[in-house]
């Protein structure tokens, strides 16, 4: 019998249209990894009876329920109370929960606000689940028929709790066989194109999933116990195009680039016009990035392109800021000034304004300077401002990745 | 009696975690404008019985239901059939629907594929609702107790149908008055502290909500028709602390700062160590930011602090990179070199490594230089790397905001 698994997302902002629920899709994708797909996702707001109702209904219908949200300290955080009502038990103060919350404040030399004490209340008989990233403890209730998990709605707090508490227990309780999940991380490929290239790849015991996290597309192979994923992975990389797959089960594109630089003992600097620091920010997402990232220039105004990177004002005047000569001059200028092994430069029209017939919105010139010279690339992205900038960051990093892979 | 209003989003990709449901939040926000908030949103996949079940449950519970998705021509589009089963009526071919679909193909000089004919099937007695942007007609079912709308899941097709068919009918049928929603945007305030300060603020016709979007906290006042929101807003600002509320129904903190700079005809530059471009990136989220943002320096390595901002190597050696004198020198150096009216500089330990007893992880020194001198601030953030950096960006922008509000 298939395991019926339901998700509940609690939060008035989700119902009121002020926020989009990303928790349920994230949890669904995680549990997909152990072979479970949800029967339904229910979103409820800050109404005690509505939350109680959906918890009671889900507990009666499903074998596994994961509920997020409503465990904060404020008066609109009602999930604890709703769960107690749904199970017909009182809320009781959990000593270990209270100690965890108090300790969290103590370690920061702050006093615990009186308001936060309510977060230590759990339905009687519930199991406390530690939240290492916040004050809202999670809890689990096992009705015999159904195992229910309750976690805070803040993704940064919820995600490690799902990984720590739900996955292994669901596997053990429902006798699921672990599947191997291989994630191929791609750039420069639309999701629909990736899906076309993977058409017909599925076979018994092999399911293909996609996740678009612009501008990246992840292709996931869910491989049943007993099937070797290695040759499947190689075939998928061939189908998708080896130049588009920047990593298999890897970190982000910036982390892959950083790893290559670190292994070679080399460094990079940046000169950014339209992206205004976003490439530098991405290169420093991981701790330890000072091993390979020196710094760079944010050259939004033309005068800054001249001052910080030595771009010739005559070249700016002749070709305009968004041009190959300026991109090359930015990359070569910042590399010479910082003394880095490599440099990345971008100049473009992010939009929505600033476009022309010759250089429409989305036009971006890239340059990567290195020990063997400078390479240039131009793209015309068709997106809005935010996505044009995200695509620019990824394309720049991928340009450096290609240089690192082909140069010795 | 409040109108119970439920939303249903149909689509396997929503359940499997491959896509995020943006339809329900969009419809919820639209209906919020006529004073309706949904009781729940249910997401179901491509299973006939699961869809039938949620339609039947919603029709029994609610007065208004809006369902999106599953009206396409393929075998996994099951909402038509599920609705007919839920209402216990047969599916019948609707002549007007068939004519609309055929006309849509004819106007493009294409022949209607046979498989699209299924889209003209509606539950017996349902009212046809025209889709001007696609081949999937919508329909409405009025059970007397409940009014249900069914629309395609493609946002571009669904949105004009909701605006054309749902809003006015809901207003007329349920005699609704619109509510006013006021959003107070705060920084430097934890959600629990905001809630403490707003304790007892609610009164008949006034509901308070909270939303934490780290490091920002939004406090929302939902004010019923007939109550003046202006004095309520002023009272809420006083309670929260005027220095913490950076905007009322405003854009982001960076947009507020940008607006102040633009109004004054002034400019800003940045010198960033630990944030490595994140402040510059935030200042350029909106189009037109070149009106006030010139550029800046990303000075990750100490040598770059010296080279790009003229920090005295002796000061670096004496006080260390994370120090008040270095923050001041960075701000003053970049301001002098770019010629900007204002400048922001940060230097800190984002973590997880790099901390010491004297300068633990989370220590950040800020400086804002301007026409009347330089102000300094130091913070010790208790978060992880990502959040320490987000909090640093917000604190820096808020420091500039304070200078702009107090200087003439």
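The values are calculated or read from the model by the stated rules, or taken from the named source; none is laboratory data. Keep in mind that what you see is a predicted model, and the values were worked out from it rather than measured. Cβ: placed from backbone, ideal geometry, glycine included. Neighbour counts: every protein chain shown.
List of remarks:
- Count of residues meeting criterion [facing another protein chain (nearest Cβ under 9 Å) and assigned to a loop (DSSP other than H, G, I, E, B)] in region B:253-278: 6
- Scanning region B:88-133 for residues that are in contact (Cβ under 8 Å) with a residue 12 or more places away in the chain and at positive phi yields one hit, B:125.
- Residues located in region A:297-329, provided they are crowded, with 23+ Cβ neighbours inside 10 Å, within 32 Å of the chain's Cα centre (by Cα) and within 13 Å of chain B (Cβ to nearest Cβ): A:297, A:298, A:299, A:300
- Evaluation of residue A:339 against (1) within 25 Å of the chain's Cα centre (by Cα); (2) under 30 Å from residue B:354 (Cα atoms); (3) surrounded by fewer than 20 Cβ atoms within 10 Å (Cβ to Cβ) (one fails), failing number: (1)
- Test for residue B:348: is it within 14 Å of another protein chain (Cβ to nearest Cβ) and under 28 Å from residue B:250 (Cβ atoms): yes
- The residues in region A:232-249 that are at pLDDT 95 or above, loosely packed, with under 13 Cβ neighbours inside 10 Å and under 18 Å from residue A:190 (Cα atoms) can be counted, and the count is 1.
- Filtering region A:279-292 to residues that are crowded, with 24+ Cβ neighbours inside 10 Å and facing another protein chain (nearest Cβ under 8 Å) leaves A:279, A:280, A:281, A:283, A:284.
- Residue within region A:239-252 that is closer than 24 Å to residue B:283 by Cβ, more than 9 Å from chain B (Cβ to nearest Cβ), in contact (Cβ under 8 Å) with a residue 24 or more places away in the chain and under 23 Å from the mean Cα position of the chain (by Cα) present: yes
- Considering region A:172-193, and only residues there that are in contact with a helix residue (DSSP H, G or I) (Cβ under 8 Å, 6 or more places away or on another chain) and at pLDDT 90 or above, the residue that is nearest to residue A:227 (Cα to Cα) turns out to be A:182.
- When region A:306-328 is filtered for residues that are out of contact with any strand residue (DSSP E or B) (no Cβ under 8 Å at 6 or more places or on another chain) and part of a helix (DSSP H, G or I), the ones remaining, listed by number, are A:306, A:307, A:313, A:314, A:315, A:316, A:317, A:318, A:319, A:325.
- Verdict on residue B:13 being farther than 17 Å from residue B:141 by Cα, within 14 Å of another protein chain (Cβ to nearest Cβ) and out of contact with any strand residue (DSSP E or B) (no Cβ under 6 Å at 6 or more places or on another chain): yes
- Residue A:194 falls short on exactly one of the conditions (1) closer than 30 Å to residue B:214 by Cα; (2) surrounded by 19 or more Cβ atoms within 10 Å (Cβ to Cβ), and that condition is (1).
- Failed criterion for residue A:32 (all others in (1) in contact with a helix residue (DSSP H, G or I) (Cβ under 8 Å, 6 or more places away or on another chain); (2) facing chain B (nearest Cβ under 7 Å); (3) touching a residue at least 24 places away in the same chain (Cβ under 8 Å) hold): (1)
- Residue check, residue A:99 at pLDDT below 95 and in contact with a strand residue (DSSP E or B) (Cβ under 6 Å, 6 or more places away or on another chain): no
- The condition of being out of contact with any helix residue (DSSP H, G or I) (no Cβ under 6 Å at 6 or more places or on another chain), touching a residue at least 40 places away in the same chain (Cβ under 8 Å) and in the same structural domain as residue B:326 (by TED's automatic domain parsing) holds for residue B:391.
- Qualifying residue in region B:279-290 (condition: closer than 30 Å to residue B:198 by Cβ, touching a helix residue (DSSP H, G or I) at 6+ places or on another chain (Cβ under 7 Å) and part of a loop (DSSP other than H, G, I, E, B)): yes
- The set of residues in region B:1-22 being touching a helix residue (DSSP H, G or I) at 6+ places or on another chain (Cβ under 6 Å) and either within 21 Å of residue A:50 (Cα to Cα) or at pLDDT 90 or above (or both) consists of B:3, B:6, B:7, B:8, B:9, B:10, B:21.
- Residue check for residue A:336: in contact (Cβ under 8 Å) with a residue 40 or more places away in the chain and either within 12 Å of chain B (Cβ to nearest Cβ) or in contact with a helix residue (DSSP H, G or I) (Cβ under 8 Å, 6 or more places away or on another chain) (or both): no
- Criterion (without any contact (Cβ under 8 Å) to a residue 40 or more places away in the chain, within 13 Å of another protein chain (Cβ to nearest Cβ) and farther than 19 Å from residue B:140 by Cα) met by exactly one of B:40, B:52: B:40
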